[in-house]
Each structure stands twice: as structure tokens, then as C-alpha cells.
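The values are calculated or read from the model by the stated rules, or taken from the named source; none is laboratory data. Note that the structure is predicted; figures quoted are calculated from it, not measured. As a convention, Cβ positions derive from the backbone with ideal geometry for all residues, glycine included, and neighbour counts pool all protein chains shown.
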Amino acid sequence: MQPFIKEKLLNMTKKILFINQEMTPYVPETEMSKIGRDLPQKMQENGCEIRTFMPKWGNINERRGQLHEVIRLSGMNLIIDDTDHPLLIKVASIPQIRLQVYFIDNDDYFTKRQMTENKQGDEYPDNGERAIFFARGVLETVKKLRWSPDIIHCQGWMGAVVPLYVKTAYHDEPAFTNTRVITSLFQKQIKTDLGKNFKHCLEYRDVKADLLKHYNEKFDFFELGKLAIDYSDGVIEASDNVNAELLHYAEKKKLPTLRYTGEDYVAAYQDLYETICPK
């Protein structure tokens, strides 16, 4: 192996946690679901140690995908808006690429639902709570795995509250003390706001009302994007025609921001990983 290639691979030996909203072959192919599968595969092939999570959407065929529950990781209750919600962890593998995928599940939030919209095309009014449950479910499971990611890469708005929790509520957890967070912005976005109770539901540990007071009470896609960017270490324009205001917001904060690269994105993503987490 040529020396410069070997050095590139060694530098990329990082632990990366991918938090995906969508991922083929478990949901229909979209720009987001394709990147959700291909990016972890490429990083694994380049020598990275990875873990991949996504919601166990109700339209995922568990038998076809060969999902099974991981009993040792399940059983915790997450309290959101003063209500207990059991956390179920399932796992499956994509044998062709030797990629293991963890699924966050709950009967009320995921099993009995479609994805972010019902069959009539209406967004679920508790999508905000679902995003909170997903974020906390991922972070609690990573703790149980006794695995410390160097980088968390959030892809899709369902993971938008992860950066907040990593940098506040979970900052003192050994698994996340030195973790860097990247948020990918996609064209796909929510059309309605997340409800007047969303900020209250976000409160957990160090996430107090005072920390959230400068965000609007009406938590729409833009406000959710601001929240993600405020606690991220880098931002990626993962689609063409993403929300221009959010890109401007990230650049105004002088965050490392990767503009849209098209389908040939792997090398550029690697460079951003190295920029925010040199190792």
C-alpha cells in the first residue's frame, strides 16, 4: 500500500455513530435513505468503527428485514411529558455489506404508525415527542453498549435534538465527553410545527426552560434546525435546495460547513470528519 493511502486510512480510524431518519433497504429509496445506507458502508470500508441507528417505523417489515429484539438493551422507560414510554431495541444486518443496524422502537410512537405522516399524508401531531424519544433512546443505548463515538453524524430532522442532548444532558457521560456532532441538512422537512408543548417535553437533566427561552414557542422546521446547528460542531448541505436560511445561520456561526457536493461526497465528508475531530 502506498504510504499516503495508508496514512489516510489510519487517520480515518474513528468511531462514528450514524443517527439516520431513513435507511434502505428498510424504507423506500429516497436521497436520504440512500445516503443513510451508503455513507456508513463507505466509512466502514475505509476502516472506521461504526454504529448505525434509525427509528423502527411501523411500515418496516420485521420478518423480511430479519429484525429481532435485543433483550439486554431493551426494558428502560423514558419519561416524556410526565409519561413513561418503554424503550425497545431491535437489530438487523445487511449481509451484503456486513452492516449492523439498531432500531429504536416503541408501540405508541413507532410500531403502530407509519413514518412521519399517516396514510392520509398528515403529519403526526406528536412528531416532536417522537424525535425526543428517538434521540434519548439512541444515546441511552450507546451508553449500554459501552462504546464512545468520536463523531455523531445526524441525518434527517428526526435526529435534530441529538446535538442538544449530547452537549448538555449527556455531556458528563463518559461515552460522550469528547464527542463531536455533525448535522446533515436535507431538502425533506416537516411542514407543520411541533406543538406548543415541545419545549417543555425537551426539558431533561441540564436542558432547562431557561436554556430554551431564546427559541420561539412555535417550533417549526427552521427553529428545529437552529437548535441542531447551535449544538453541532459541523454542518453538511446533504441535498440540493436545502433551507437557505439554515445554511446562512450555520455560516454566520462560523461552523465548518460543507456545501452540496453531489453524489461523489465520500472524500469531502472524510475531510470534514478530520477537520472537526483530528486524531
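Annotations
- Residue tally, condition surrounded by 14 or more Cβ atoms within 10 Å (Cβ to Cβ) and either at pLDDT 95 or above or under 18 Å from C201 (Cα atoms) (or both), over region 117-142: 18
- Considering only residues in region 228-279 that are without any contact (Cβ under 8 Å) to a residue 12 or more places away in the chain and among the hydrophobic types (A, V, I, L, M, F, W, C), the one that is farthest from Q187 (Cα to Cα) turns out to be A267.
- Within the option set R130, R205, R180, being farther than 23 Å from S239 by Cβ and touching a residue at least 24 places away in the same chain (Cβ under 8 Å) holds for one residue only, R205.
- Scanning region 154-168 for residues that are surrounded by fewer than 21 Cβ atoms within 10 Å (Cβ to Cβ) and not basic (K, R) returns a single hit, T168.
- Neighbours by Cβ (under 8 Å, 6+ apart or cross-chain): first from region 136-150, part of a loop (DSSP other than H, G, I, E, B); second buried (at least 16 other Cβ atoms within 10 Å of the Cβ) and β-branched (V, I, T): S148/T179; P149/I16; P149/V142; P149/T179; D150/I16; D150/T179
- Flag if Y269 is of a type in the set (F, W, Y), closer than 17 Å to E31 by Cβ and surrounded by 19 or more Cβ atoms within 10 Å (Cβ to Cβ): yes
- Hits in region 151-193 (condition: outside any loop (DSSP other than H, G, I, E, B), more than 20 Å from T116 (Cα to Cα) and either at pLDDT below 95 or among the charged types (D, E, K, R) (or both)): K167, R180
- Screening V101 with (1) touching a helix residue (DSSP H, G or I) at 6+ places or on another chain (Cβ under 8 Å); (2) modelled with pLDDT of 90 or more; (3) aliphatic (A, V, I, L, M) gives one miss only, at (1).
- Every pair of residues 6+ apart whose Cβ atoms lie under 6 Å, when the first sits in region 211-226 and is more than 21 Å from E251 (Cβ to Cβ) and in a loop (DSSP other than H, G, I, E, B) while the second is modelled with pLDDT of 90 or more and aromatic (F, W, Y): F219/F198
- Within region 229-253, the set of residues being of a type outside the set (A, V, I, L, M) and either in a loop (DSSP other than H, G, I, E, B) or touching a Cys at 6+ places or on another chain (Cβ under 8 Å) (or both) comprises Y231, S232, D233, S239, D240, N241, N243, K253.
- Criterion: part of a strand (DSSP E or B) and among the charged types (D, E, K, R) - qualifying residue of R64, R51: R51
- Residue within region 211-228 that is among the aliphatic types (A, V, I, L, M), out of contact with any Cys (no Cβ under 8 Å at 6 or more places or on another chain), surrounded by fewer than 17 Cβ atoms within 10 Å (Cβ to Cβ) and under 27 Å from P40 (Cβ atoms) present: no
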